[in-house]
Amino acid sequence: MNILVIVARGAIVAKGAILFVRNGEFSNTNQYILAQLRKNFPGADVIDVDLAADTLKYPPFFVLNTILSILRYGVKAVLFERRRYFYFIRTPYFFRSAARRALARARGAGRGIDVVVQTQGVFNAAMSGAPLVIYTDYTMKSPSFGGTAVDPAVLAEEQALFTRANAIAVSANHVRDILISDYGCAPDKVSTVYIGSNALGSDADIPPSRFASRRICFVGIDWVRKGGEELVAGFLKLLERMPDARLIIAGASPAITHPNIEVLGMTPRDQVAELYRTSAVFCLPSRVEPSSVACVEAATMGLPIVATRVGGFVDSVLDGVSGLLVPPRDPDAIAEALYAVLSDPAQAERMGAAGRENAKARFAWDRVGEKLAAVIRARAPNL
């Protein structure tokens, strides 16, 4: 256990060390987790290790793991650019080896570690003598993003990791359920702390008139997984009853030409915020959805939500109160839900207000950070 004693204004202050290990970013979440660790443990030394950046510094590791991913999953592991990352981080070698340099560096710095905090469960950052806390929005046994089977050897590594972990904090209740039912984790070991909304600015200047605009916004990069095809099909059905409705698509760039559909493609964050401010409803009918930061962002900005009854939407959307949940892959249900919200601006405004309060109470990063800090302190009380 590492307790450094220093003198500050005549008082003795205890300072511990947190090793924070991540693999790049996921929806900007890692940078917010890092900020919350520093905020909630102001006396601790938070050591930030990014495995993605480390990997680029060690070409032999990158080349060897690429070869191993091809041997396990075939040439598709490198043929499809958007899937390369998926295959690259799903080899037993990556799982066991990616964090070793980070752990060795921490030991070499001559300091003890009070707790290891890692995000996601695709590598093993466990360190002898220090409790391990994992924050994740996903497991490999969760519904697959691409329907791709994961190698049994990698699943075994993940199982061992979750078994080894002293505590697991998750972004949504469906992840907690899977960890308990499919991985055998004890219920008191897994805590739902949710996920925060990325800062988009104040919602104070949002005009109530937007709820009569009949503007529908979609924000997401993975067009097919996010239900983009079903959304367009449902929107075309909606136009039969509401011909002045408009659909604005941000993030993705589907090849769509229609006078009532605007495709923005990759969009700067300030423009996304403006899109939320000027729309009447946010629609994200995902086929699979771990948590959906975009949904939480839209709710924080006071938008009613139409989404599917999958994954994290069950937590972030209060069905019938802050929005409407529909079955996945159901354009008819999407059209009906959108019509119900857009045809009643007063109800849409009430839903938006309810969603904003729910988002601020459960999905503000300060609230998430407090819950995560409580999980960490229960395992590392000296911090």
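Tabulated results
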| item | result |
| --- | --- |
| Residue selected from segment 259-286 under the condition over 19 Å from L236 (Cβ atoms) and charged (D, E, K, R), by the criterion surrounded by the most Cβ atoms within 10 Å (Cβ to Cβ) | R277 |
| Among (1) modelled with pLDDT of 95 or more; (2) over 18 Å from the mean Cα position of the chain (by Cα), the one test that P285 misses | (2) |
| Among the residues listed as D330, D319, the single one being free of Cβ contacts under 8 Å to residues at least 24 places away in the same chain and of a type outside the set (S, T, N, Q) | D319 |
| Output for segment 230-251, where each listed residue is surrounded by 13 or more Cβ atoms within 10 Å (Cβ to Cβ) and touching a Lys or Arg at 6+ places or on another chain (Cβ under 7 Å) | E230, M242, A245, R246, I248 |
| Subset of segment 85-119 that is surrounded by fewer than 20 Cβ atoms within 10 Å (Cβ to Cβ) and in a loop (DSSP other than H, G, I, E, B) - its residue that is modelled with the lowest pLDDT | G110 |
| Tally of residues being closer than 13 Å to S343 by Cα, touching a strand residue (DSSP E or B) at 6+ places or on another chain (Cβ under 8 Å) and not in a loop (DSSP other than H, G, I, E, B) across segment 233-260 | 0 |
| Matching residues in segment 151-177 - criterion: being in contact (Cβ under 8 Å) with a residue 24 or more places away in the chain, part of a helix (DSSP H, G or I) and within 26 Å of G355 (Cα to Cα) | N173, H174, V175 |
| Unique residue being of a type in the set (V, I, T), modelled with pLDDT under 95, assigned to a helix (DSSP H, G or I) and surrounded by fewer than 18 Cβ atoms within 10 Å (Cβ to Cβ) when the list is V63, V7, V13 | V63 |
| From G355, G312, residue being out of contact with any Gly (no Cβ under 9 Å at 6 or more places or on another chain), buried (at least 23 other Cβ atoms within 10 Å of the Cβ) and either in contact (Cβ under 8 Å) with a residue 24 or more places away in the chain or hydrophobic (A, V, I, L, M, F, W, C) (or both) | G312 |
| Residue match in segment 289-299 (condition: among the charged types (D, E, K, R) and either more than 24 Å from the chain's Cα centre (by Cα) or crowded, with 23+ Cβ neighbours inside 10 Å (or both)) | yes |
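The values are calculated or read from the model by the stated rules, or taken from the named source; none is laboratory data. Source: prediction; values computed, not measured. Using ideal geometry, Cβ is built from the backbone for each residue, glycine included, and neighbour counts are taken over all protein chains shown.
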